[in-house]
Amino acid sequence: MTILPARKRESKLREEDGLGLPIDFFMKAFTTKRIAFGAIIAALYAVLTMALWEISSAGIQFRLSEALCVLPALTPAAIPGLFIGCAIANLLGGTWVDVVFGSLATLIAAICTWRIGKVFRVGLSEKVSLGAKLLAPLPPVICNALVIPFVLYYGYGFTEAFGATGTVAVLALHALTVAIGEAAVCYLIGIPLMLVVNRFPDQLRKI
């Protein structure tokens, strides 16, 4: 068993836990800046989703609020904001299935996006690598494509899709349409949003 010096042990503990989450973030999760940033993200997500609910929860959906899901690549402070905002929106307009599983999908995607941002060192300078631009939006696309079809089928009763009625076929078609809508929002709107916010790296490091 290797015993690290005290400073190295402290540094290691502050880096991440076994799930790759920023322990330092949770230790300081209730700073004024992080609460404010998370509250802004949560409010924006909830308001955008509710204002455009008809296209945010249908079988063919374009939830514009999902563009915010790329922001964890810049700072982990966006993670709780996205989760809470999604939960509030689903609670106000959706079903319990969406509140639980839809919100968890957003949380998992946000954590994965943060990990991608950490790998590509996004938020440390005004430059964003091509790899980060291509990969940062993928977690919300994949997570939603895997989870939301079941939410649509069992939570909202969308048991038919493009004339198909078989469970497997309908779920597969839901996965396809959700993935297309999510990719369109995250890449066409989310990436430009990330580039704009990333122009302020000094402010991001203070969150």
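What follows draws every value from the coordinates through simple rules; no lab data is involved. Remember, predicted model here, so these are calculated numbers, not experimental data. Backbone-built Cβ (ideal geometry, glycine too); neighbour counts: all protein chains shown.
Working out 0.36 nm times the residue gap between Val100 and Lys33, then minus their Cα-Cα distance, what length gain in nm do you get to one decimal?
In short, 21.4 nm is gained.
Working from label points 7 Å from Cα in the Cα-to-Cβ sense, the Leu92 to Glu160 distance is 3.2 nm.
Placing dummy labels 7 Å off each Cα toward the beta-carbon, the span from Ile55 to Leu193 is 1.4 nm. When each of the peptides 132-143, 77-88, 169-180 is scored by the mean number of other C-beta atoms lying within 10 Å of its residues, the order from highest to lowest reads 77-88, 132-143, 169-180. When you filter the GluC sites (Glu not before Pro) in the stretch 46-138 for DSSP loop state and at most 13 other Cβ atoms inside 10 Å of their Cβ, you are left with Glu126.
Taken along its principal axes, the alpha carbon cloud of the stretch 29-205 reaches lengths of 52, 32, 22 Å, longest axis first.
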